[in-house]
1. Considering each residue of region 49-90, count those that are at pLDDT 90 or above, more than 17 Å from P179 (Cα to Cα) and part of a loop (DSSP other than H, G, I, E, B), and give that number.
2. Do you know which residues across region 91-129 are modelled with pLDDT of 95 or more, assigned to a strand (DSSP E or B) and not hydrophobic (A, V, I, L, M, F, W, C)?
3. Go through (1) buried (at least 16 other Cβ atoms within 10 Å of the Cβ); (2) hydrophobic (A, V, I, L, M, F, W, C); (3) in a strand (DSSP E or B); (4) out of contact with any Phe, Trp or Tyr (no Cβ under 6 Å at 6 or more places or on another chain) one by one and return the number of the condition L233 breaks.
4. Out of region 281-310, which residues are hydroxyl-bearing (S, T, Y) and surrounded by 18 or more Cβ atoms within 10 Å (Cβ to Cβ)?
5. Of everything in region 208-230, what is of a type in the set (D, E, K, R) and either part of a strand (DSSP E or B) or surrounded by fewer than 17 Cβ atoms within 10 Å (Cβ to Cβ) (or both)? Give them in sequence order.
6. Which count do you get for residues in region 181-203 that are assigned to a strand (DSSP E or B) and either basic (K, R) or touching a Pro at 6+ places or on another chain (Cβ under 7 Å) (or both)?
Amino acid sequence: MKSRELFLPAFFAVLAAAAAPAADAAESSAAQFLKLGFGARALGMGEAYAAVADDAAALHYNPAGLAPGYGQGGRSAAFSHAWHIQDMGISQAAYVARPWGLSVTYFSAGELEGRAPVTGALTGNFTASDIAVSAGYGLALGRLKAGAAVKYIGQKIKDSSASAFAADAGLLYGLDGVPLTFGVSVSNFGTKIKFDEDSFPLPLVCRAGAAYRLDKTLLALQLDLPNDDGASLRLGAEYAPAAGVRLRLGYKTSSSADKDAILGKELGGAGSGVSNLYGFFAGLGLIYRDFSLDYALTPYGELGNAHRFSFAFRFE
């Protein structure tokens, strides 16, 4: 077996060893908008995307997807917007010309109500926003694909601002003669965000997954190991019932305590409706020639539902 083929299982072992203590010692992290995913296709599949990463979302989930010969050929551009919960919004754009890729994510928390720390008196409304700019590169080493990206992260809350720099890295490995791909990635490994005298780490996450492609079906499985929460398992599926149509479903596991908090059960929240299907994802994709339009629905319990739309096109 060639040395590069030995590299993948070795990377899996290093990844697990590095992520395990981080997951056990979970701590609060900043720049939470980095955990909101990229694009509607990946969201519709429950973000089980580290072993898929064949479009512009590779910059977010696994930059190895930028490698030449992987995914669809030619250059591509993608734009995405989400009407998120509580008047929040996230807009994204990406451009891929393999082996290079560039993406921008802008998050707005909308208008927030300000109050004095001691008395609780109203002090006037303020805004908060975040931005991330990422540039990545991928290369092919036979069936093994590798990639890395660098990222600038900026946050602004009222009159305070902070920034950080981070790196992402990943690998993809496709079996010979079997439509099975393995993927591993590490995202948001970088400096801390510092507001005044307080510093917070970025939401580091290690992903390991597999994707199996049939004629009309794509199935994906992924394990997430974040530094600010417990491990979670993600499942995703994409089905093509007709030419130009894609149906998607996804699921993410979460602890019962987290789920109860999101659903508002501790406060007597209702237990019915689509918004209470927290942990489930659904999506629809329409493709016409080199153009695609995607939609994803993400329920957030008592907070409502998030709707994300994406538009992408390929060109030579």
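The values are calculated or read from the model by the stated rules, or taken from the named source; none is laboratory data. What you see is a predicted model, and the numbers here were worked out from it, not measured in a lab. Here the Cβ positions follow ideal geometry from the backbone for every residue, glycine too, while neighbour counts run over all protein chains shown.
1. 6
2. S91, Q92, Y95, G101, S103, T105, Y106
3. (1)
4. S292, Y295, T298, S310
5. Result: R213, D215, K216, D224.
6. Here the count works out to 2.
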